[in-house]
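So the structure is just underneath, and the comments pick up after that.
Laboratory data are not the source of any read-out in this text; all were calculated from the coordinates shown. What you are looking at is a predicted structure, and each value in this text was computed from that prediction instead of being measured. Note: ideal-geometry Cβ built from the backbone for every residue, glycine included; neighbour counts use all protein chains shown.
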Amino acid sequence: MDVLMKLGDIDKRVLYVLLVLVLLIPMVRPIGIRISISHWTTKAYEQLSRLEPGDTVICDFGYNVDGAPDVEPIAKAIFRDLFDRNIKIITVSLNAQGPMIAEKLLLPYEESGKVYGTDFCNLGFMAGGETALAAYARDLKRTFPRDWRGNTTSTLPILQGITGAPDTKAWIFFTDSSAEAWVRQVGDLDVPMIGAVITVAAPQAEPFVHSGQLSGLLTGLRSAAEYEIVTNRPGGAVAAMDAQSLGHILITIFIVFGNISYFVKRSKELAGREGVQ
């Protein structure tokens, strides 16, 4: 009983240290806690797994840096999978911060040997919202006469033979808001489209998967971890999910022990009062 009572009086600093350790250890050495693969992730994987080496896809960046924690792990998992299979990537951006985000994600692959203009390119941002999206989905080189790095897009090898979305094998968009803009402007261009959205936007985007307007849907950190697992490329998302799961377990244990300690103390106090009477 005394041990149970003391559990409720543990110094908070000890609890914080334990929580930090539980969060850090999986980030350094992922444990690989088992998670189920959702139907939406499976559909996205099945669509992208059909791509052959040399195929070209468009990745559209439509999120701000404040939405990165929930969406960027998906982008990293997809980039890793596609580049490992020698799929070519064209990045465009519906969001003004998109080109900088894309450049940051592409840089490690360029440093490892991928060739700009041949294996990938970053076309940049075009102002105009859905009007701009409709324009570059139909004619990339006309909408972006120069890319983010100042190159003339008509001279880039990766864009030879490609006018717009129908000339590519897939369109993947990453957003921290609604998926509706892409469904409206790209959905009728006969190209498989996959959405990567923040978790809270999933309910709004799911009907588009049911209707066939989206070929797959990835939502938040969980989907990023699932995609890493199905592609046999565990990375940062799996490690983050391990940390999140262990953190939740530890907090649950704290709550249980705290409540046990409270009820033990309360029962002893009540017993003491009855003894006095």
Query raised in the report: Given a Förster distance of 45 angstrom, what is the FRET efficiency for ILE25 paired with ASN86, based on the Cβ-Cβ distance and rounded to 0.05?
Result: 0.80
Query - Percentage relative contact order, region 1-129, counting C-alpha pairs under 8 Å, at least six apart - result: 23 percent
Query - Ranked by how many other beta carbons lie within 10 Å on average, peptides 142-155, 163-176 from highest - result: 163-176, 142-155
Report task. Return the calculated 222 nm mean residue ellipticity for the chain, to the nearest 500 deg cm²/dmol, obtained by summing -39500 (n - 2.57) across DSSP H runs with n ≥ 4 and dividing by the residue count. Result -> -17000 deg cm²/dmol
Query raised in the report: At 37 °C and 0.692 mPa s, what whole-number value in µm²/s does Stokes-Einstein give for the translational diffusion of the chain, with Rh from the Kirkwood sum over Cα pairs?
Result: 157 µm²/s
Query raised in the report: Non-local amide H neighbours of ARG146 (under 5 Å, H modeled in plane, Pro and chain starts lacking H): which ones?
Result: THR153
**Report entry** Residue among CYS121, PRO192, HIS210 farthest towards the positive dipole end of region 51-233, charges placed on Cβ
**Finding:** CYS121
Report summary line: In the chain, lysine pairs 8 or more places apart or on different chains with C-alpha atoms under 26 Å apart total 22
Query - Fraction of beta bridges assigned by DSSP in region 51-233 that are antiparallel (%, nearest 5) - result: 5 percent
Query raised in the report: In square nanometres, what is one fourth of the surface area of the convex hull spanned by the alpha carbons of region 1-132?
Result: 12.9 nm²
**Report entry** For region 110-159: span of alpha carbons on each principal axis (Å, largest first)
**Finding:** 36, 18, 17
Query - Per-residue ³J(HN,Hα) for region 94-108, Karplus 6.51 cos²θ - 1.76 cosθ + 1.60, θ = phi - 60°, Hz, x for Gly and Pro - result: 7, 10, 4, 7, x, x, 5, 5, 4, 4, 5, 6, 7, 3, x
Query - Relative contact order computed over the chain (Cα-Cα under 8 Å; 6+ residues apart), in percent - result: 28 percent
